[in-house]
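The values are calculated or read from the model by the stated rules, or taken from the named source; none is laboratory data. Since the structure is predicted, the reported quantities are computational estimates derived from the model, not experimental observations. Neighbour counts run over all protein chains shown; Cβ positions are idealised from the backbone, glycine included.
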Amino acid sequence: MRAARLALVLLVGGCAGQTVRPDVITLAVLSSPNSLDPRVGSDETSQRIHTLIYDYLLALDDRLRVVGGLASSWEQADPLNYLVRLRKGVRFHDGHELTADDVVFTFNCFIDPTFVSPRKGAYRSLKSVEALDPYTVRFTLKEPFGSFPINLVMPVVPKGAGADLRDKPIGTGPYRFVSFAVDDRVELAANPDYFRGRPANGGVVLKVVPDEIMRALELRKGTIDIVVNDLSPDVVHQLAADQTVSIAESAGTDYAYVGINMRDPVLKDRRVRHALGYAIDRQAIVDHLRRGLARPAVGILPPASWAFDAGVFQFSHDPAQARALLEEAGYRDPDGDGPEPRLRLSLKVSTNEFIRLQAAVIQQDLRAVGIELDVRSYEFATLYADVLKGNFQLFTLQWVGVSDPDMLRRVFHSQQMPPNGFNRGYYQNPGVDRLIDAAMAAPADEDRRRLYGQAQRIIAEDAPYISLWYKTNVAVSRTVVEGVKLTPSADFTFLRDVVKNRRPAG
């Protein structure tokens, strides 16, 4: 059925549709934003729109380093204090100038006990925020935290903004809010007074198209101009043959892995975990299931990160080595070439079609070395609840948008086991803890990079995760669209440079 629907997309002919204004760029998104207030909205669609309406106090470059945004500069005055200096002359869409008071108001929300936001956890180390003058803000921490500046990669809202910001946002960004029709579209107009220069197009429409086949169909017809990371590898592969579309790619930050319960009597043996790593053919998953839109992963930090260590241990596909390790661990083949396995394990996955196909490949790879894998699929909410409770031997999930090496602490530090953090496999290594703690306190990026690199090397050898792949970002657009350039995080900031130069032939 899926193949038939996809074939229908590729057979649709006729003249491509146009938006009412030809200089407006139309994108397809999966769902409506849950809030246009960046202090609250945390779903992917909301965050994508935030990058168009608002500017961030600090930003990330292509190496995921913190750089200036609304701030012209910043410095760490001492281990507990950061001084941020704002650009002058930046104006909100209602005309008033952005000042330190707006920044103080925005970040005070996250330390206000009465303010409800899923983002507040990132600011637990923040003690206070104060304006030293109209363009200088001081952030004071409760304890040293070298990764704190990445928490300033956050949109700034106007002082006094209330609940109405959810549906009627006012920012300083390249686009002004026009309208929002729930489950239909969000319309934005170019901001002629944007401090970085007026966008190259007249505006952006984000059209809600929940069904993937319909997204491909509308792209083919020309009723939408761009889809970013919201088409499966199979659909992208099919559309690549269509001369009316173009494809842009970039190395991404999403990370797929097999999580391991380190308390399990079988899996606490590192030889068994290494056997799993050698048995799984990650390149085959990348080449065939991901259609090349990924690369084999070696750890939770993406290669784009300034803190990534390329020298970590990594698994090759080596079934013979996997069998040897199982033999060494005491899991001998009971019947030679017969059907009896060396051992049995269970893998919990979601009901997503791609994830189930990937699990079937992993199951086949493990069977080839004598491990019988019982794959159990669940609705995501049920799977996630089991992962949080430690009710698993193995599971597969993805980390989305990994941008800061502090993820090593949140996922692998022994003090970050549930409910305190994301160490859901109960991994413990005192040496890793010491390195991460030292990196957190180190003020210089070079020291932090060295310490995080050492931690990555130990973690890779210990294999609390079996890394699978890093996602490749992909944008599929009409050939009339020019200027598409994706960032590692695949945000929508590139849109201000996008133009439509001509109408397609009908």
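What to note about this one:
- Odd one out for PHE422, checked against (1) surrounded by 22 or more Cβ atoms within 10 Å (Cβ to Cβ); (2) in contact with a strand residue (DSSP E or B) (Cβ under 9 Å, 6 or more places away or on another chain); (3) without any contact (Cβ under 8 Å) to a residue 40 or more places away in the chain: (1)
- A residue that is assigned by TED's automatic domain parsing to the domain that holds ILE25, in contact with a His (Cβ under 8 Å, 6 or more places away or on another chain) and of a type outside the set (Val, Ile, Thr) can be found somewhere in the stretch 189-205.
- Yes/no for ASP94 being of a type outside the set (Phe, Trp, Tyr), surrounded by fewer than 14 Cβ atoms within 10 Å (Cβ to Cβ) and under 24 Å from PRO169 (Cβ atoms): yes
- Of the residues making up the stretch 339-360, just one is assigned to a helix (DSSP H, G or I) and either outside the structural domain of MET407 (by TED's automatic domain parsing) or acidic (Asp, Glu) (or both), namely GLU353.
Yes/no per residue for (1) buried (at least 17 other Cβ atoms within 10 Å of the Cβ); (2) closer than 23 Å to ALA441 by Cβ:
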residue	(1), (2)
PRO33	yes, no
PRO38	yes, no
ILE49	yes, no
ASP61	no, no
VAL66	yes, yes
GLY69	yes, no
LEU83	no, yes
LYS88	no, no
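- Residue ID - modelled with the lowest pLDDT, chosen from residues in the stretch 396-440 that are of a type in the set (Gly, Ala, Ser) and within 18 Å of SER467 (Cβ to Cβ): GLY401
- Residue ID - modelled with the lowest pLDDT, chosen from residues in the stretch 164-184 that are of a type in the set (D, E, K, R), surrounded by fewer than 17 Cβ atoms within 10 Å (Cβ to Cβ) and under 27 Å from the mean Cα position of the chain (by Cα): ASP167
- The set of residues in the stretch 361-390 that are among the charged types (D, E, K, R) and either in a helix (DSSP H, G or I) or farther than 29 Å from ARG332 by Cα (or both) comprises ASP365, ARG367, GLU379, ASP386, LYS389.
- Pairs where the first residue, in the stretch 399-418, is surrounded by fewer than 24 Cβ atoms within 10 Å (Cβ to Cβ) and the second is among the basic types (Lys, Arg), C-beta under 9 Å, 6+ apart: VAL400/LYS471; VAL411/ARG424; GLN415/ARG409; GLN416/ARG409; GLN416/ARG410; MET417/ARG424; PRO418/LYS389; PRO418/ARG424
- Residue in the stretch 450-463 that is out of contact with any Pro (no Cβ under 6 Å at 6 or more places or on another chain), outside any helix (DSSP H, G or I), surrounded by fewer than 19 Cβ atoms within 10 Å (Cβ to Cβ) and at negative phi present: no
- Within the stretch 127-163, considering residues that are within 27 Å of the chain's Cα centre (by Cα) and of a type in the set (Phe, Trp, Tyr), the one farthest from ARG91 (Cα to Cα): PHE145
- Of the candidates ALA324, ALA310, ALA279, ALA320, the single residue that is crowded, with 18+ Cβ neighbours inside 10 Å, on the phi < 0 side of the Ramachandran plot and of a type in the set (A, V, I, L, M) is ALA279.
- Matching helices (runs of 4 or more DSSP H) fully within the stretch 214-329 where at least 2 residues are assigned by TED's automatic domain parsing to the domain that holds LEU366 and free of Cβ contacts under 8 Å to residues at least 24 places away in the same chain: 319-328
- Sole residue being touching a residue at least 12 places away in the same chain (Cβ under 8 Å), of a type in the set (D, E, K, R) and over 23 Å from LEU30 (Cβ atoms), chosen from ASP184, ASP193: ASP193
- Residue check, GLY336 at pLDDT below 95 and in the same structural domain as TYR452 (by TED's automatic domain parsing): yes
- When GLN428 is tested against (1) outside any helix (DSSP H, G or I); (2) touching a Ser or Thr at 6+ places or on another chain (Cβ under 7 Å); (3) over 28 Å from ASP309 (Cβ atoms), exactly one condition is not met: (3).
- All positions within the stretch 294-350 that are in contact with a Leu (Cβ under 6 Å, 6 or more places away or on another chain) and more than 22 Å from ARG410 (Cβ to Cβ): TYR331, ARG342, LEU345, LEU347
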